[in-house]
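The block underneath contains the structure these notes are about, expressed in structure tokens.
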């Protein structure tokens with residue numbers, strides 16, 4: 001186990017229904033339901049997120065994200081244990097190589113907090129483990145010999161649960177691989193465990209190879225003062241930040257919430273990157289919107305919210321076929337008149353002339 005950051009026993013991380021009862025957040029009658037679900041899909045809620053939950057409100061958007069619900073025990077026929085097809089693109093333990101020029105390095109399958117919508121919920125958890133030193137070296141050797149790999153994405157689990165020493169070792173090892181020109185770190189830590197963004201962690205991420213930190217954040221209330229301070233520590237050190245958000249029913253599937261979130265991210269100097277359509281993970285149907293609902297939200301953002309606040313709405317095609325943008329289309333061809341029809345953000349349609357060779 002990582003020697004520092006997985007010391008959960010010393011902190012008031014909620015891991016069972018009774019913890020939430022004692023915190024005054026749920027009724028005692030809910031504890032059994034929560035524990036039943038957490039036997040199937042891991043549960044952990046950090047003190048920072050516990051403090052944001054509205055007591056007794058099962059529809060609270062923070063509670064919906066992190067407090068287990070019996071709805072998770074409902075599996076639809078189309079849902080999968082491996083919804084985005086990681087397994088078929090895993091040549092060695094800890095590596096997922098789906099795209100030609102980039103791959104995932106997953107050094108750990110543990111998170112500080114477990115999102116109820118997680119697409120890797122079948123693999124992550126307290127027993128998810130960490131790559132051994134030998135396994136990590138095999139994974140790094142795979143990257144070394146695959147010279148087409150331009151970018152390495154540290155994922156998991158959450159790679160920032162590792163000790164600063166371990167993070168520094170991995171990032172430094174990647175820094176020495178000549179063909180790796182970008183390192184990306186996917187994490188929730190600056191939001192859910194902002195105190196872990198220490199000068200030591202920042203220093204561990206500062207190498208010659210550009211490092212980008214991609215923050216998972218789904219609701220504007222997550223961007224507390226402490227979270228913004230953590231983001232500022234990274235950005236002020238010259239580490240650019242992007243964000244990814246999952247479109248979740250009852251959490252952020254309305255214009256006001258989604259626009260507030262994108263603006264709050266930009267104010268924190270975090271550039272919105274992806275808005276993910278919900279994956280077909282087991283037990284997550286209560287979170288998924290329709291694609292049309294997602295497209296309508298993107299239409300609502302366009303023109304009404306600054307361009308730097310616009311994420312790309314994407315779908316990860318089941319079976320490992322990769323991500324594709326699925327946002328609304330504003331252009332169509334009028335074949336009869338050999339011209340284009342362009343729709344503006346208010347819904348007005350305008351003529352654009354054809355290309356003349």
request  = Would you confirm whether any residue within segment 18-31 is touching a helix residue (DSSP H, G or I) at 6+ places or on another chain (Cβ under 8 Å) and within 21 Å of residue 247 (Cα to Cα)?
outcome  = no
note = In segment 103-134, anything more than 16 Å from the chain's Cα centre (by Cα), within 24 Å of residue 183 (Cα to Cα) and modelled with pLDDT under 95 is listed as 128, 129, 130
request  = State which residue pairs qualify: first residue touching a residue at least 60 places away in the same chain (Cβ under 8 Å) and inside segment 282-310, second residue in a loop (DSSP other than H, G, I, E, B) and surrounded by 20 or more Cβ atoms within 10 Å (Cβ to Cβ) in any location, beta carbons under 6 Å apart, and separation of 6 or more residues or different chains.
outcome  = 284/117; 287/117; 287/248; 287/278
query = Any chance segment 84-95 includes a residue that's farther than 30 Å from residue 180 by Cα, buried (at least 21 other Cβ atoms within 10 Å of the Cβ), touching a strand residue (DSSP E or B) at 6+ places or on another chain (Cβ under 6 Å) and touching a residue at least 24 places away in the same chain (Cβ under 8 Å)?
reply = no
note = Those residues of segment 282-332 that are within 26 Å of residue 80 (Cα to Cα) and assigned to a helix (DSSP H, G or I) come to a total of 8
inquiry  = As an exercise: evaluate residue 217 against (1) out of contact with any strand residue (DSSP E or B) (no Cβ under 9 Å at 6 or more places or on another chain); (2) within 24 Å of residue 118 (Cα to Cα) and give the number of the one condition it does not meet.
reply    = (1)
request  = State all residues of segment 36-82 that are surrounded by fewer than 17 Cβ atoms within 10 Å (Cβ to Cβ), more than 21 Å from residue 258 (Cα to Cα) and not assigned by TED's automatic domain parsing to the domain that holds residue 261; if no residue qualifies, say none.
outcome  = 36, 39, 40, 47, 51, 55, 56
query = Taking helices (runs of 4 or more DSSP H) that do not extend beyond segment 12-82, which have at least 1 residues that are under 17 Å from residue 251 (Cα atoms)?
reply = 47-50, 61-66
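The values are calculated or read from the model by the stated rules, or taken from the named source; none is laboratory data. Computed from a predicted structure; not experimentally measured. Heads up, the Cβs are rebuilt from the backbone with ideal geometry, glycines too, and the neighbour counts pull from every protein chain shown.
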